[in-house]
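The values are calculated or read from the model by the stated rules, or taken from the named source; none is laboratory data. Keep in mind that this is a model prediction, so the values were computed, not measured. Please note: Cβ atoms are built from the backbone with ideal geometry, for glycine as well, and neighbour counts cover all protein chains shown.
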Amino acid sequence: MAEAYIAGAVRTAGGRKKGYLSGVHPADLGGRTLDALVEKTGIDPAKVDDVVFGCVSQSGEQSGNIARNCVLSSGFPESVPGTSVDRQCGSGQQAIHFAVQAVMSGTQDLVIAGGVESMTRVPMGSSIVDALKAGHGQPFNSQAMVARYPGVQFSQFTGAEMLAKKHGLSREELDEFAYASHVKAARATEEGRFEREIAAITVTLEDGSEHVHAKDEGIRYDASLEKMQGLEPLNPGGLLTAASSSQICDGASALLIANERGLTENGLKPRARFHTLTVVGDDPVIMLEGPIPATQKALARAGLKIEDFDVYEVNEAFAPVPLSWAKVIGADRDKLNVNGGAMALGHPLGATGGKLMTTLLHELERIDGRYGLLAICEGGGTANCTIIERLV
């Protein structure tokens, strides 16, 4: 069977809600990221067989196949197609999996995968809320689902609380992990760890001046554990606060994925190979526990132990997700989200899978590591896990 490799990877710096990237149409944001990947890798964009982009809120400016619109908003020729993927928070990671499977099959040789999400311009849940307002119903009340899950209101916030309680996590542990996310992200930024992976985006501000957006906007460099501990919970009597939840974020990501023929014909150097891909379904009520069985399945399939890994990224949708994952998997917390996570850097939904894979690759290169693992929880109780092996 053919192999699949990463030949290039970029991401934008995260933009806060109503921040520097809020004035950029999501198709332009994705298009500029595609152009940045071409600039980094030197490929002829006409050679790209497909662009597969994750996007969760495919409504308004992100409707109408946002992946294709990103292509048409870039310097790519019209001959390059594009398709959009929704696997909720793991959409970008699933886009990567689809691209990997395409080049491994040999039906395509060069595919770009990643995602885009402007959570400022197209708020989370827009597709559901707008449909409800128009009288088009909602997705979670089919007769069969209501019968199968009587009285359940599917909510990630409720699921995160359930997850924390199931695994015996305290409010103190969640606050400390959230604080550490900002400390690690601030250190990584100050040390320049993200510079090689970030595609700088020039934006025009309201006063007509230009700003080069090249640093993640959500990091609190003066983060205070004491202040976090004083925040009110999101739900009365709950454990989660705004600090221990991921930040709303605008952003995009793109990875160039190739098989051996794609590498050879385009003069590309492989930076990592895809070792193992898994996706699982899990309890849709607790919803966020899927990274655990997805990782267990990936480790079993790969014939590896968690101790074999140099670094792992588990999306910080909420603090209980990576903490419960580490507890069950027996992972070394010192290798987990070493440069901070979504509580500090933001979670641009459909772009997050590509964003985290880009960071994972660059961190492996920085520390001269071999194996990296990425896992993301997803709405509906699914989860993806990806294992990559850096190539020397």
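The figures follow:
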{"item": "Selection within the range 70-81 - touching a Gly at 6+ places or on another chain (Cβ under 9 Å) and either farther than 17 Å from Thr33 by Cα or surrounded by fewer than 24 Cβ atoms within 10 Å (Cβ to Cβ) (or both)", "result": "Leu72, Ser73, Gly75, Phe76"}
{"item": "Residues that are closer than 25 Å to Gly379 by Cα and assigned to a loop (DSSP other than H, G, I, E, B), drawn from the range 71-96", "result": "Gly82, Asp86, Gln88, Gly90"}
{"item": "Output for the range 21-38, where each listed residue is in contact with a Leu (Cβ under 8 Å, 6 or more places away or on another chain) and either of a type in the set (A, V, I, L, M) or closer than 23 Å to Gln247 by Cα (or both)", "result": "Leu21, Gly23, Ala27, Leu29, Leu37"}
{"item": "Arg68 out of contact with any Cys (no Cβ under 6 Å at 6 or more places or on another chain), modelled with pLDDT of 95 or more, under 23 Å from Ala199 (Cα atoms) and assigned to a helix (DSSP H, G or I)", "result": "yes"}
{"item": "Per-region count, the range 130-154, residues of a type outside the set (Phe, Trp, Tyr), touching a residue at least 60 places away in the same chain (Cβ under 8 Å) and closer than 12 Å to Val285 by Cβ", "result": "1"}
{"item": "Cβ-Cβ under 9 Å pairs, at least 6 apart or on other chains, the range 265-280 side of a type in the set (Lys, Arg), far side at pLDDT below 95", "result": "none"}
{"item": "Given (1) over 28 Å from Val111 (Cβ atoms); (2) modelled with pLDDT of 95 or more, number of the condition Glu206 does not satisfy", "result": "(2)"}
{"item": "Extreme residue, farthest from the chain's Cα centre (by Cα), among residues of the range 101-118 that are in a helix (DSSP H, G or I) and surrounded by fewer than 24 Cβ atoms within 10 Å (Cβ to Cβ)", "result": "Ser105"}
{"item": "Residues (surrounded by fewer than 24 Cβ atoms within 10 Å (Cβ to Cβ) and either in contact with a Gly (Cβ under 9 Å, 6 or more places away or on another chain) or part of a loop (DSSP other than H, G, I, E, B) (or both)) located in the range 365-380", "result": "Asp368, Gly369, Arg370, Gly379, Gly380"}
{"item": "Count of the range 318-335 residues which are closer than 9 Å to Ile292 by Cα and either polar (S, T, N, Q) or without any contact (Cβ under 8 Å) to a residue 24 or more places away in the chain (or both)", "result": "2"}
{"item": "Subset of the range 291-335 (residues that are farther than 19 Å from Lys165 by Cα, among the aromatic types (Phe, Trp, Tyr) and under 19 Å from the mean Cα position of the chain (by Cα))", "result": "Tyr312"}
{"item": "Candidate set from the range 28-65 (those that are of a type in the set (Gly, Ala, Ser) and in a helix (DSSP H, G or I)); member that is farthest from the chain's Cα centre (by Cα)", "result": "Ala46"}
{"item": "Any hit, the range 345-362, residues being touching a residue at least 40 places away in the same chain (Cβ under 8 Å), within 23 Å of Leu240 (Cα to Cα), in contact with a helix residue (DSSP H, G or I) (Cβ under 6 Å, 6 or more places away or on another chain) and among the β-branched types (Val, Ile, Thr)", "result": "yes"}
{"item": "In the range 118-151, the residues that are over 18 Å from His347 (Cβ atoms) and of a type in the set (Ser, Thr, Tyr)", "result": "Ser142, Tyr149"}
{"item": "Residues satisfying the stated conditions in the range 193-229, i.e. outside any loop (DSSP other than H, G, I, E, B) and more than 29 Å from Leu37 (Cβ to Cβ)", "result": "Leu225, Glu226, Lys227, Met228, Gln229"}
{"item": "Meets criteria (at pLDDT 95 or above and farther than 18 Å from Glu197 by Cα) for Ala344", "result": "no"}
{"item": "Test: residue in the range 385-392 that is assigned to a strand (DSSP E or B), under 13 Å from the mean Cα position of the chain (by Cα) and modelled with pLDDT of 95 or more", "result": "yes"}
